[in-house]
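Colleague: Can you read through this structure? Questions will come right after.
What follows is calculated from the coordinates using simple rules that are stated; it is not laboratory data. The structure presented is a predicted model; accordingly, all values stated were derived computationally and were not measured. Using ideal geometry, Cβ is built from the backbone for each residue, glycine included, and neighbour counts are taken over all protein chains shown.
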Amino acid sequence: MSSGTPSHLDAGQAGNGHAGGDDAVLPFAVEALDVRGRVVRLGPAVDTILRRHGYPDPVARLLGEAAALTVLLGSSLKFEGRFQLQTKTDGPVAMIVVDFEAPDRLRATARFEPERVTALGSGPLKDADLIGTGHLAMTIDQGPAASRYQGVVALEGQSLEEAAHQYFRQSEQIPTQVRLAVAEAVEEGAGHWRAGGLVVQFLPQSIDRARLADLPPGDIPEGHAHLSDAAPEDDAWVEARSLVATIEDHELVDPNVSSERLLYRLFHERGVRVFDRQPVHETCRCSRERVLGMIRSFTPQERRDMVADDGRIVITCEFCSRRYDLDPEAVEAEIAEQPKQ
């Protein structure tokens, strides 16, 4: 889960308030309950992402949740690869894409219909109001030398938290609990977006103890008892899940409630160990070379159609909003010089 020597969390560490700072993931383990997990705090990184595009508040909150969830899951990768969360739905927010490139690079974007978002009003909104129905895909990409892995969850009115639980039940079959929160804090007259999250997973050495009680039983003849009916949840997991359920939203986003303090409140009676903190940086992967590679994938006629009235090809990155203003003749010359793949 993490390099370095883990340390037992005590009341002194927990009382340091903003000890850990923002834009970081703190891995932890509660050995008495056979659980491991991570806490993420996003401050300037998520604020930069959300303010760059001027998203309406409901869209910003939803994308902030997606960013926190992606970091929670992507930061568990033990290799330098990419974890991507993507939604495609019929709701006012038609698409969300969040990339986490291990070990620490985050970027995110959303496509939405302003009129439909405005029509929802200014009251509290649920994720489902914005997402609608469709699917959520989580993809692990280890690079060209390895096959990609993708898990897909149908979105049918559940929140992102609930979709994450469904993903782990279907794809990973690991008992998992997730909590997410997003808020806009006002400091010195200016608003700053913050996002936070916690994931905890039940990972006992015994396979029988780890088996999910609510997994589908398969092709059991009608009238026979399901195996899951006779497999109650492990007491340790019930305790851990119940403790996580007590987390208040403000505990995940308040800069005065550190990750250490939250973990101590939840698990100090059982003993909790924390590992090395992992930083998170808002960084885009776009570059002129990548843009040229994308343009090269089009036919010569499609490239000619991309030329604007002013005789330039202008491409704007959906993630970081950087504009690439290119000369079509120079583009064709560079494409001609590149060896064919």
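Colleague: Dipole of the chain, Cα-centred, from +1 at each Lys and Arg C-beta and -1 at each Asp and Glu C-beta, to the nearest 20 debye? Please list the in-between numbers first.
Modeller: Values: 36 positive and 54 negative charges, 137 e Å.
The dipole of the chain has a size of about 660 debye.
Colleague: Okay, next question. What is the list of residues in segment 46-71 whose amide nitrogen lies under 13 Å from a point 7 angstrom out from the Cα of residue 190, following Cα to Cβ?
Modeller: Inside the label zone: 47-48, 51-52.
Colleague: Once you place label points 7 Å from the Cα toward the Cβ at residue 312 and residue 126, how far apart are they in nm?
Modeller: With each label placed 7 Å out from Cα toward Cβ, I get 4.7 nm.
Colleague: Restricting to the chain, compute how many DSSP beta bridges are antiparallel as a %, nearest 5.
Modeller: On the way: 68 of 70 bridges.
If we restrict to bridges inside the chain, about 95 percent are antiparallel.
Colleague: Still on this structure, I have one more. Could you work out how far apart the two model spin labels at residue 7 and residue 174 are, taking each label as a point 7 Å from the Cα in the direction of the beta carbon, and quote it in nm?
Modeller: It works out to 2.6 nm between the two label points.
Colleague: Anyone know which of 77, 198, 69 comes out most mobile in the 10 Å Cα GNM of the chain?
Modeller: Answer for the Gaussian network model of the chain: 77.
Colleague: Based on Cβ point charges of +1 for Lys and Arg and -1 for Asp and Glu, what charge dipole magnitude is obtained for segment 288-337 about its Cα centre, in debye rounded to the nearest 20? Please list the in-between numbers first.
Modeller: Working: 8 positive and 12 negative charges, 48 e Å.
The dipole of segment 288-337 has a size of about 240 debye.
Colleague: Would you mind computing, in nm to one decimal, how far apart the modelled labels at residue 235 and residue 162 are, each placed 7 Å from Cα along Cα→Cβ?
Modeller: The answer from the label model is 3.2 nm.
Colleague: Let me check I have the definition right: for the chain, take the eigenvalues of the Cα gyration tensor, multiply each by 5, take square roots. What are those semi-axes in whole Å, largest first? Write down the numbers at each step before the final one.
Modeller: Working: eigenvalues 290, 124, 90 Å².
Semi-axes (√(5λ), whole Å): 38, 25, 21.
Colleague: So, one more: From the backbone phi of segment 320-327, what are the Karplus-calculated ³J(HN,Hα) couplings (6.51 cos²θ - 1.76 cosθ + 1.60, θ = phi - 60°) in whole Hz, Gly and Pro given as x?
Modeller: So the Karplus estimates, Gly and Pro as x, are 10, 6, 5, 9, 10, 9, 10, 8 Hz.
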